[in-house]
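Enquirer: Dumping the structure here so I can ask a few things about it.
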Amino acid sequence: MPPPAPKPACDPNYSGCVPIASDVDCAGGSGDGPAYVTGPVNVIGTDIYRLDNDKDGVGCE
C-alpha cells in the first residue's frame with residue numbers, strides 16, 4: 001500500500017483549510033493568488049489574508 005498523501009498545511013486563523021501561502025485570495029474573485037480558497041471560511045484569529053472584506057467574521061462569502 002502506498003503511503004498516504006501529506007495533508008496540506010492549513011492556516012490556524014481560519015476554519016476549514018485555508019492554505020499557508022504568501023497570499024491567499026477567494027476563488028472566483030479578483031485576487032491574484034498564488035493560492036485560492038473556496039468559501040465561506042470563518043475567521044477565528046487574525047484575518048492575515050484579508051478574506052473578510054466586510055469584517056463580519058466570514059470570508060469569501
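Every number in this text was worked out from the coordinates using simple rules, so none of it is lab data. Predicted, not measured: the structure shown is a model, and the values here were computed from it. A quick note on method: Cβ atoms are made from the backbone with ideal geometry, for glycine too, and the neighbour counts reach across all protein chains shown.
Enquirer: Quick one: 3J(HN,Hα) in Hz for the range 41-57, Karplus 6.51/-1.76/1.60 with θ = phi - 60°, rounded, Gly and Pro as x.
Expert: 10, 8, 8, 10, x, 8, 7, 5, 9, 6, 7, 9, 4, 9, 6, 9, x
Enquirer: Would you work out which of Leu51, Gly33, Met1 lies farthest towards the positive end of the dipole of the chain, given +1 charges on the beta-carbon of Lys and Arg and -1 on that of Asp and Glu, about the Cα centre?
Expert: Met1
Enquirer: Assign unit charges at the C-beta atoms only (+1 for Lys and Arg, -1 for Asp and Glu), then state the dipole size of the chain relative to its Cα centre in Debye, rounded to the nearest 20.
Expert: On the way: 3 positive and 9 negative charges, 58 e Å.
Dipole magnitude for the chain comes out near 280 debye.
Enquirer: Just the number, please: Stokes-Einstein D of the chain in µm²/s, Kirkwood Rh from C-alpha pairs, 4 °C, 1.567 mPa s. Mind dumping the intermediate values first?
Expert: Working: Rh = 12.0 Å.
Estimated via Stokes-Einstein, D reaches 108 µm²/s.
Enquirer: Stretched out fully, how many nm does the piece from Cys10 to Glu61 gain, at 0.36 nm a residue minus the Cα gap?
Expert: Details: separation 51, 0.36 × 51 = 18.36 nm, distance 1.91 nm.
My answer for the length gained is 16.4 nm.
Enquirer: Can you give the local net charge around Asp32? Use residues other than it whose beta-carbon is closer than 9 angstrom to its beta-carbon, Lys and Arg +1, Asp and Glu -1. Show your work: numbers first, answer last.
Expert: Values: positive: none; negative: Asp23, Asp25.
In short, -2.
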